[in-house]
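Shown next, in structure tokens, is the structure this report addresses.
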Amino acid sequence: MTRIAVFPGSFDPMTNAHLAVATRASGLFDQLVIGVLNNPKKRPLFDIEERVALIRRCVADLGEHVGVEAFDGLTVDFARSHGAGFIVRGLRAVSDFEAELQMALTNRKLAPEVDTTFLMTALEYGYVSSSLAKEVAHFGGDVSAMLPAPVAQALAERLSTGARV
Ligand code: PNS
């Protein structure tokens, strides 16, 4: 049996917490597709192609069985389009739990054959989020512990153009 999972998110941009989850999920599933949500309602700092390209650089060492794609619409439809039986989400603190439970139950209602699996992020990244990393970088703080090196560099370059976080 081939175990296929999708790992959906906004990834604006990918953090070390995301990467830790992707790394562990890559060891659990035969195929892992990281899905980058193209949400027209949000104005991300990095456009969809940039986010996909950055994640591809970050996960290049995880193996051929890890892919990265943009998607829009429902996560369960993205999962079904890949024949995935699992959605992977990372959990940091208890504060993540309520929203994640609601999403998992909604997704189960929509697609009972797709199960959501939660991976606790690494302890050292429990505080890391994309939005806080952008804010810290915006005010000149050091984000090297929060972001993979290519992402930290891309963020510094983007902010140097005067982009607003
Ligand atoms: O990185 P994020 O912003 O926490 O990811 C949220 C995401 C993309 C997983 C969630 O918003 C999502 O699944 N969006 C797609 C639309 C959808 O399927 N909605 C119903 C499920 S709650």
If we keep only residues of segment 115-145 that are more than 11 Å from the ligand (Cβ to nearest atom) and in contact with a strand residue (DSSP E or B) (Cβ under 8 Å, 6 or more places away or on another chain), then the residue nearest to Val165 (Cα to Cα) is Thr121
In segment 16-41, residues that are within 12 Å of the ligand (Cβ to nearest atom) and either within 10 Å of the chain's Cα centre (by Cα) or outside any loop (DSSP other than H, G, I, E, B) (or both) total 7
When you look at Glu69, is it in a helix (DSSP H, G or I) and either touching a strand residue (DSSP E or B) at 6+ places or on another chain (Cβ under 9 Å) or over 28 Å from Ile4 (Cβ atoms) (or both), yes or no? no
Per the filter on segment 42-65, residues within 13 Å of the chain's Cα centre (by Cα) and in contact (Cβ under 8 Å) with a residue 40 or more places away in the chain are Arg51, Leu54, Ile55, Cys58, Val59
Restricted to segment 99-124 and to residues being polar (S, T, N, Q) and part of a strand (DSSP E or B), the residue farthest from Asp77 (Cα to Cα) is Thr117
Within segment 72-97, of all residues that are in a strand (DSSP E or B) and among the hydrophobic types (A, V, I, L, M, F, W, C), the one nearest to the chain's Cα centre (by Cα) is Val88
Selection status of Phe71, of a type in the set (Phe, Trp, Tyr) and more than 11 Å from the ligand (Cβ to nearest atom):
no
Within segment 35-48, residues being more than 13 Å from Val76 (Cα to Cα) and either buried (at least 23 other Cβ atoms within 10 Å of the Cβ) or not charged (D, E, K, R) (or both) number 8
**Asked** in contact with a helix residue (DSSP H, G or I) (Cβ under 6 Å, 6 or more places away or on another chain), among the hydrophobic types (A, V, I, L, M, F, W, C) and buried (at least 16 other Cβ atoms within 10 Å of the Cβ) - does that describe any residue in segment 129-136?
**Response** no
* in contact (Cβ under 8 Å) with a residue 12 or more places away in the chain and surrounded by 17 or more Cβ atoms within 10 Å (Cβ to Cβ): does that describe Ala163? -> no
Sole miss for Ser10 among (1) in contact (Cβ under 8 Å) with a residue 60 or more places away in the chain; (2) more than 10 Å from the ligand (Cβ to nearest atom); (3) surrounded by fewer than 22 Cβ atoms within 10 Å (Cβ to Cβ) is condition (2)
Counting only residues that are within 25 Å of Ala156 (Cβ to Cβ) and without any contact (Cβ under 8 Å) to a residue 40 or more places away in the chain, segment 13-41 contains a total of 6
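Every read-out reported here was derived from the displayed coordinates using simple, explicitly stated rules and does not represent laboratory data. Since the model is a prediction, treat every value here as computed from it, not as a measurement. Glycine also receives a Cβ, built like all others from the backbone with ideal geometry; neighbour counts cover every protein chain displayed.
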